[in-house]
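> I have a structure I would like to understand better, so I am pasting it below and will then ask my questions one at a time.
The values are calculated or read from the model by the stated rules, or taken from the named source; none is laboratory data. Predicted model only: the values in this text are computed from it and were never measured. Side chains included, ligands, DNA and RNA excluded: accessible areas come from the protein's heavy atoms. Shrake-Rupley method; radii C 1.70, N 1.55, O 1.52, S 1.80 Å.
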Amino acid sequence: MHTSNKNINAVEMLAEQIVKATQSHTHAYDRTFSSVIKAVNNDGTYNIIDNGGAERKLKCSALNTALKIGQYVWVKIPCGRLEDMHICGVK
C-alpha cells in the first residue's frame, strides 16, 4: 500500500474513534462558559444566567473576589455535575 493511502486510512480510523468517544457520553469533562452577575446574595452567593437561560445561585471559587452586578464571569461545570457548578474566574 502506498504511504499516502496508509496516512489517509490512519486519519480516517482516528476520526472514527474520536466520533465514537464523543457520542458515547461515557467520558467526563469540564464545561466552562461566560455569564454575568445578575444578583449578589447576603449568603455569599451570586445569581447568574446559565447558557440555557436559567437563573442559578452559585458560589465563587476565586478567593478574595468581590463580584458586582453586571460583572462578567467564567462559570465551570466540573465533569458535567450541575450540583458542583461554580464561578471560577472574572472575565
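> Through the Karplus equation 6.51 cos²θ - 1.76 cosθ + 1.60, θ set to phi - 60°, convert the phi angles of the stretch 80-91 into ³J(HN,Hα) values in whole Hz; use x for Gly and Pro.
x, 8, 4, 5, 9, 4, 7, 7, 10, x, 9, 8
> Hey, another quick one. Once phi is turned into θ = phi - 60°, what whole-Hz ³J(HN,Hα) does the Karplus curve with 6.51, -1.76 and 1.60 give for every residue of the stretch 39-44, x standing for Gly and Pro?
Once θ is set to phi - 60°, the couplings for the stretch 39-44 become 8, 10, 9, 5, 8, x Hz.
> Using helices alone, what [θ] at 222 nm do you get for the chain, with -39,500 (n - 2.57) per DSSP H run of 4 or more residues, divided over all residues and rounded to the nearest 500? Each step should come with its number before you reach the end.
Values: 1 runs with 22 residues, N = 91.
Taken over the chain, the calculation gives -8500 deg cm²/dmol.
> With θ taken as phi - 60° and the coefficients 6.51, -1.76 and 1.60, list the Karplus ³J(HN,Hα) couplings across the stretch 66-75 in order, rounded to whole Hz; mark glycine and proline as x.
Along the stretch 66-75, the couplings run 9, 8, 10, 4, x, 6, 7, 9, 9, 10 Hz.
> Probe of 1.4 angstrom, ligands and nucleic acids ignored: what's the accessible area per residue over the chain, in square angstrom? If you can, show how the numbers build up before the last one.
Details: 6590 Å² over 91 residues.
Here the residues of the chain average 72 Å² of exposed surface.
> Also, quick follow-up: With all protein chains present, calculate the accessible area of Y72 using a 1.4 Å probe and round the result to the nearest 10 Å².
Rounded to the nearest 10, that gives 130 Å².
> Scan (i) 16.4; (ii) 15.6; (iii) 13.0 for the value of Kirkwood radius over Cα pairs in Å calculated from this model and give just the label.
(ii)
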